[in-house]
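Take a look at the structure set out below.
A short reminder: the numbers here are calculations on the coordinates, not readings from a lab. Predicted model, so just to flag it, every value in this text is computed and none were measured. Don't worry about glycine lacking a Cβ; one is built from the backbone with ideal geometry, like all the others, and counts go over all protein chains shown.
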Amino acid sequence: MGHHPRTAQPGRAGNVALAGHRNTHGEPFRRRVLLRPGDTVRIDTDDAHCTYVVDRTLPRTTAGDGTVLAEVPYSSGHPGHRHTEPGYHLTLTTCTPEYTSEYRLVVWGRLTEMAPR
C-alpha cells in the first residue's frame, strides 16, 4: 500500500489518498472491493487512530482520472461522483477488474473519529 504524494496525512484536513494492490504484493486491498457506504476504515499512525466512514464508491474510472485525488475529491469522468466541500476525506484506489490495471476502483470516506495513541 502506498500514500499518494501531495495528499493529506491521516487525520489532517484535505484528502488522504492511498493506493494498494488487489492481487500480488501482499494484496493489501484484496477485500476493499467489498467496502460499502457505512463501513469503517481505521488508519493507525504513530500519533493517532483515525476512523473514516465510507460514504461512496466508484466501481470503475479511468486510470488517468487524477481528480479522485484532489483535495476535495471528485471524478472528472463521472460527474455524479464527487464531494463538494473541503473536509477530512479518504480516497482508496486499486486496479479493476481483478488481475488487470485497465481501470481504477475508488472508495471515498470521511473522518469521523480521531483518538490519540
Could you tell me what percent of the DSSP beta bridges with both partners in the chain are antiparallel, to the nearest 5?
80
Cβ-derived FRET efficiency at R0 25 Å, Asp47 paired with His3, nearest 0.05:
0.95
Starting from the amide H of Ala8, placed 1.01 Å from N in the peptide plane, find each other amide H under 5 Å away whose residue is 5 or more places distant or on another chain.
Asn15, Val16, Ala17
Please report, to two decimal places, log10 I(q)/I(0) for the chain at q = 0.11, 0.12, 0.17, 0.19 Å⁻¹ as given by the Debye formula with identical point scatterers on the Cα atoms and no solvent.
-0.32, -0.38, -0.78, -0.99
What relative contact order, as a whole-number percentage, does the stretch 52-104 give when Cα pairs under 8 Å and 6 or more residues apart are counted?
35
Check which residues have an amide H placed less than 5 Å from Arg60's amide H, if you skip close sequence neighbours.
Val106
Amide H to amide H, which residues 5 or more places from Tyr103 or on other chains are under 5 Å from it, using H placed in the peptide plane?
Thr96
Taking the Cα centre of the chain as the origin, how large is its charge dipole in debye, to the nearest 20, when only Lys and Arg (+1) and Asp and Glu (-1) carry charge on their Cβ atoms?
200
